[in-house]
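Chemist: Can you keep this structure in mind? I'll have questions shortly.
The values are calculated or read from the model by the stated rules, or taken from the named source; none is laboratory data. Predicted model only: the values in this text are computed from it and were never measured. Note: ideal-geometry Cβ built from the backbone for every residue, glycine included; neighbour counts use all protein chains shown.
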Amino acid sequence: MARYLEAKCRLCRREGDRLYLKGSKCYSNKCPIERRPFAPGMHGQGRRSKVSDYGLQLREKQKVKRIYGLQEKQFLRYFKDADRLSGITGLNLLQLLESRLDNVVYRMGLATSRTEARQIVRHKHITVNGRVANIPSYRVAVGDEIEVISKAKEHLRVKASAEAAGQRGLSEWLDMDLQTLKGVFRELPVREQLDASIREQLVVELYSK
């Protein structure tokens with residue numbers, strides 16, 4: 001699978017917002033968005049031309065893809081699945097993305113970024129309902145129990161991530177015990193609980209053309 005190998009902070013600067021791709025760095029004053037709040041490249045600080053409606057829609061799609069670490073084909077599949085569900089397509093899309101196992105591991109505070117969460121899952125450090133799951137895109141269902149395997153509970157990175165997450169606060173739709181490193185995906189998040197900077201309607205408009 002194709003991977004982005006360049007500096008991830010450039011992606012945040014390109015979108016003009018924190019995408020939380022670099023773990024603890026994103027929560028500190030070392031975040032480049034704070035020090036260089038303009039697009040990367042030699043023309044980053046130059047005068048920007050007016051962006052068309054299509055340009056805004058495309059930028060928003062790129063932003064959401066980068067937040068959740070997906071390639072184009074993966075993202076398109078999620079949109080098609082969301083469009084087939086009843087209800088609001090944009091919200092369905094975000095809920096499907098939030099239900100990915102790597103995202104749930106990140107939201108539970110077991111990793112400092114979704115990239116790190118994906119690695120933890122692939123290394124078979126996570127169980128779902130008592131069974132090891134090593135597929136980052138695994139769709140977690142409401143009521144599923146997520147836990148770190150016994151051996152991995154002693155890893156310093158996992159402990160540090162859980163401690164930092166406890167200080168920042170955890171997602172409201174999850175029940176998480178940071179002592180036992182076990183949690184439950186209690187319910188699907190409602191829109192008010194998700195990132196307010198995401199304009200998912202622009203993504204829906206882009207794919208609906």
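Listed here are the residues, each with its yes/no results for (1) part of a helix (DSSP H, G or I); (2) more than 17 Å from N134 (Cα to Cα); (3) without any contact (Cβ under 8 Å) to a residue 12 or more places away in the chain.
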{"site": "K65", "(1), (2), (3)": "yes, yes, yes"}
{"site": "Q74", "(1), (2), (3)": "yes, yes, no"}
{"site": "K80", "(1), (2), (3)": "yes, yes, yes"}
{"site": "S86", "(1), (2), (3)": "no, yes, yes"}
{"site": "N92", "(1), (2), (3)": "yes, yes, yes"}
{"site": "Q95", "(1), (2), (3)": "yes, yes, no"}
{"site": "Y106", "(1), (2), (3)": "yes, no, yes"}
{"site": "G109", "(1), (2), (3)": "no, yes, no"}
{"site": "T112", "(1), (2), (3)": "no, yes, no"}
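Chemist: Here's a follow-up. So, in segment 107-135, of the ones that are polar (S, T, N, Q) and either closer than 19 Å to V184 by Cβ or modelled with pLDDT of 95 or more (or both), which residue ends up surrounded by the most Cβ atoms within 10 Å (Cβ to Cβ)?
Modeler: For segment 107-135, the residue satisfying everything is T127.
Chemist: Considering only segment 176-185, state which residues are in contact with a strand residue (DSSP E or B) (Cβ under 8 Å, 6 or more places away or on another chain) and either buried (at least 16 other Cβ atoms within 10 Å of the Cβ) or not assigned by TED's automatic domain parsing to the domain that holds Q119 (or both).
Modeler: Matches in segment 176-185: M176, L181, K182, G183, V184, F185.
Chemist: Out of segment 167-195, which residues are farther than 13 Å from I146 by Cβ, within 18 Å of the chain's Cα centre (by Cα) and not in a loop (DSSP other than H, G, I, E, B)?
Modeler: Scanning segment 167-195 gives R168, R191, E192, Q193.
Chemist: Let me ask something else about it. Here are some conditions: (1) in contact (Cβ under 8 Å) with a residue 40 or more places away in the chain; (2) surrounded by 12 or more Cβ atoms within 10 Å (Cβ to Cβ); (3) small (G, A, S). A141 meets all but one. Which one does it not meet?
Modeler: It fails just one condition, (2).
Chemist: Evaluate segment 76-94: report whether one residue or more is surrounded by fewer than 19 Cβ atoms within 10 Å (Cβ to Cβ), among the small types (G, A, S) and farther than 16 Å from Y138 by Cα.
Modeler: Scanning segment 76-94, I find at least one residue that is surrounded by fewer than 19 Cβ atoms within 10 Å (Cβ to Cβ), among the small types (G, A, S) and farther than 16 Å from Y138 by Cα, so the answer is yes.
Chemist: Exactly one of (1) assigned to a helix (DSSP H, G or I); (2) modelled with pLDDT under 95 is unmet by A39. Its number?
Modeler: (1)
Chemist: Would you pick out the residues in segment 196-209 that are of a type in the set (A, V, I, L, M) and either assigned to a helix (DSSP H, G or I) or free of Cβ contacts under 8 Å to residues at least 60 places away in the same chain (or both)?
Modeler: Within segment 196-209, A196, L202, V203, V204, L206 qualify.
This table checks each residue for (1) under 15 Å from the mean Cα position of the chain (by Cα); (2) more than 19 Å from P189 (Cβ to Cβ).
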residue: G55; (1), (2): no, yes
residue: L58; (1), (2): no, yes
residue: K63; (1), (2): yes, no
residue: I67; (1), (2): yes, no
residue: K80; (1), (2): no, yes
residue: S86; (1), (2): no, no
residue: G90; (1), (2): no, no
residue: L101; (1), (2): yes, no
residue: V105; (1), (2): yes, no
